[in-house]
Each structure stands twice: as structure tokens, then as C-alpha cells.
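Scroll down for the structure; my scribbles are underneath it.
Coordinate-derived values only; no laboratory data. The shown structure was predicted, so the numbers you read here are calculated from the model rather than taken from an experiment. So basically every Cβ, Gly included, is an ideal-geometry build from the backbone, and we count neighbours across all protein chains shown.
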Amino acid sequence: MQVIILGSGSPLPDPQRAGPSTLVRTAIGDLLFDCGRGVLMRAAAVASGAGAFQALLLTHLHSDHITDLNDLFTMRWVMSFSPNPLPVFGPSGTAALLQATAAMLEPDIGYRLAHHDDLQWRPSAAVTEVESGVILDRGTVRVTAAPTDHAPVRPTVGYRIDDGERSVVIAGDTVPCAGLDVLCAGADVLVHTVVRRDLIEQIGLPRLVDVLDYHSSVPEAAKTAERNGVRTLILTHLVPAPAPGTEQEWLDQAIAHFKGEVVLATDLLTLDV
Ligand SMILES: [Zn+2]
Ligand SMILES: [Zn+2]
């Protein structure tokens, strides 16, 4: 299995960091977790793309995690030579989101259907709304969902991907919680979104300080990894984006609470699991 951070950024636009998105390469193909800003640009860099994803799995419906859903939905349709519905898993509200996305794209869908004689079908998605338990079981690959805590954003889910003996957890945005602990038990890799509490408090901007309510700080993510015997912790969705030269500060805040390996994500960071 392989984990590729497609976007290590956050809602804040950054020239070096695309929006939140992680690709997990498994024995059954590529699974895409969230689809933030620039996801298909980054996927193209690793020879993946809209037509290749076995499924899109959304952790929650915050805009930064779904920014490029419309791009994915359209490119999957236009670049497939036979009907290729996009399998989408996500929390309650995901089906309505896909319907709204299709509605938003209605003029474009009309243009392309009228123009391309060989395009005889509309774009579509096969949506499964999930809460907890095994949501996908195919070949050697099993994906399990569990509720996370990103209140007042509800519902939100994290995912664990088991491929044979190896396991990867995608936490999404969450504070430490029981659901995430269940997913993380003994996992090889935990991909965890984090914010820097110390820096955000220093900046002191009320709207930025609010993000502390529902994200894990670096020490909190490290404690989740340590408590559950995780082997490697990848810190991503970095708020604020690390200033060049400060990367070690982020690592040190995690190392203080976690004995395993810590990696600070950059776009296209690739880890063999
Ligand atoms: Zn969020
Ligand atoms: Zn987010």
C-alpha cells in the first residue's frame, strides 16, 4: 500500500500546498480521500486521475475538503469512454451534495452533450452515506468508517484502510475522540489534520482562533497516535502553513508526545506502507 498526500494545505490559499486530499494506493486501485483545491493537478503528477479512482471517500462536507468535487465529477464523466459513475462514500448529506453539484453543472452538461456525439450519458455518482463499520470489502482491501468529533460540523467520519497486513487511517478534521481511537488501534500510518495552537493564539484573530475549537493541535494528534500504538504519524492540513525553516518546531511538538515516526506533509509526499 502507498499513501500520497495530494494536498497538505488548508482553507487558506497557499502557492505550495493544494487543499486537503490524500490518495491511498491499494491492491484494488486508488482510493481518494477528500478532494480539496487542486486535487486533479496533484493526482496528475502521480499518474492518477478522475477516471482512475475506485472511490471518493469524504470525511466531511466542509468546503476546503470538497472544493474540487465539481472538477472531479466533470472530468470523470468527460474523460471516460463508457458510463463510469463515481462511487462516493461520505457522511449524511453527501447524496444531497452530489445532487447539488450536478445541478450546478447543468449548463455545462448540456453544452457537452450537445457537442459530443459519442457522449450519450450524463455524469453520475453512486453515493453511499456512511456512519460506522465496514463500508467496503473487496479483495484484500477493507475500509472501515467511524464517527469523529468536529462539532459543530456534524456528522463527520474517519476511515481505516486495511490491505492485507497493512493499515492506514485517515482522521480528517477532528478533536481527539473515541471513534478515532478505534480506527487507530495498531495502525501502521495515521494521516491527521492539525493546527498549531501556539501560533494561532499568538496571531489572535478571532475567526482564526475559532478553528482551535474543532481541530487537533500537534500535541493532541501525537497523543492520539501514541495512545493507539500507531507506527507513523503524518501531520497534514497545516494551519498556519509552516514558514520555511520552522518545520522542526512542528516535528518537535509531536515527538514530545509520540515515540513513533513523525512526518510533516508536503504535497506529493509518498510513503510506502
Ligand atoms: Zn473541517
Ligand atoms: Zn479542513
- Only residues of region 209-253 count here: report those whose backbone N is under 18 Å from the spot 7 Å along Cα→Cβ of Arg154, or say none. 213-215
- Item | Taking the chain and dividing mean pair separation by its residue count, relative contact order in percent (alpha carbons under 8 Å, at least six apart) | 18
- What's the angle, to the nearest 10 degrees (0 to 90), between helix 69-78's Cα axis and the longest principal axis of the chain? 40
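Output the direction-averaged projected area (hull surface divided by four) of the convex hull of the alpha-carbon atoms of region 1-116, in nm². Walk me through the numbers on the way to the answer.
Details: hull surface 30.5 nm².
Dividing the Cα hull surface by four gives the mean projection, 7.6 nm².
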- Between region 36-69 and region 83-105, what is the C-alpha centre distance in whole Å? 13
- Task: Could you pull the Rg and Dmax for the chain, using just the Cα atoms, both in Å?
- Result: 18.3, 61
- The simple spin-label model distance between Ala96 and Leu113, using points 7 Å out along Cα→Cβ, in nm, is 2.5
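Counting other beta carbons within 10 Å of each Cβ, put Cys184, Cys177, Cys35 in order, fewest first.
Numbers: Cys184 23, Cys177 19, Cys35 29.
Exposure proxy ranking, most exposed first: Cys177, Cys184, Cys35.
Per DSSP H run of at least 4 residues, take -39500 (n - 2.57); add these up for the chain, divide by its residues and hand me the 222 nm value, nearest 500 deg cm²/dmol. The partial results should precede the final answer.
Numbers: 10 runs with 79 residues, N = 273.
Estimated from H runs of four or more residues: -7500 deg cm²/dmol.
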- Any idea how far the Cα center of region 210-250 sits from the one of region 167-190, in Å? 13
- Message: What distance in nm separates the two pseudo spin-label positions at Ser132 and Glu247, each 7 Å out from Cα along the beta-carbon direction?
- Response: 3.8
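Using the count of nearby Cβ atoms within 10 Å as a rough guide to exposure, how do Val194, Val239 rank from fewest to most? Provide the component values of the computation, followed by the final result.
On the way: Val194 28, Val239 19.
The fewest-first ordering by Cβ neighbours comes to Val239, Val194.
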- Task: For the chain, find the longest principal axis of its Cα atoms and tell me its angle to the long axis of helix 106-115, 0 to 90°, nearest 10.
- Result: 50
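Can you figure out the FRET efficiency of Gln16 with Asp181, using R₀ = 35 Å and their beta-carbon distance, to the nearest 0.05? Walk me through the numbers on the way to the answer.
Numbers: r = 32 Å, r/R0 = 0.92.
With R0 = 35 Å, the Cβ-Cβ based efficiency is 0.60.
May I ask you to sort Asp272, Asp173, Asp149 by Cβ crowding, counting other Cβ atoms within 10 Å and putting the fewest first?
On the way: Asp272 9, Asp173 27, Asp149 18.
With the fewest neighbours first, Asp272, Asp173, Asp149 line up as Asp272, Asp149, Asp173.
Taking the Cα centre of the chain as origin, sum charge times position over the Cβ atoms of Lys and Arg (+1) and Asp and Glu (-1), and report the length of that vector in debye to the nearest 20. List each step's numbers first, then the result.
Numbers: 19 positive and 32 negative charges, 49 e Å.
Result for the chain is approximately 240 debye, rounded to the nearest 20.
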- Message: Taking the 0 to 90 degree range and rounding to the nearest ten, how far is the long axis of helix 94-104 tilted relative to the main principal axis of the chain, both from C-alpha atoms?
- Response: 50
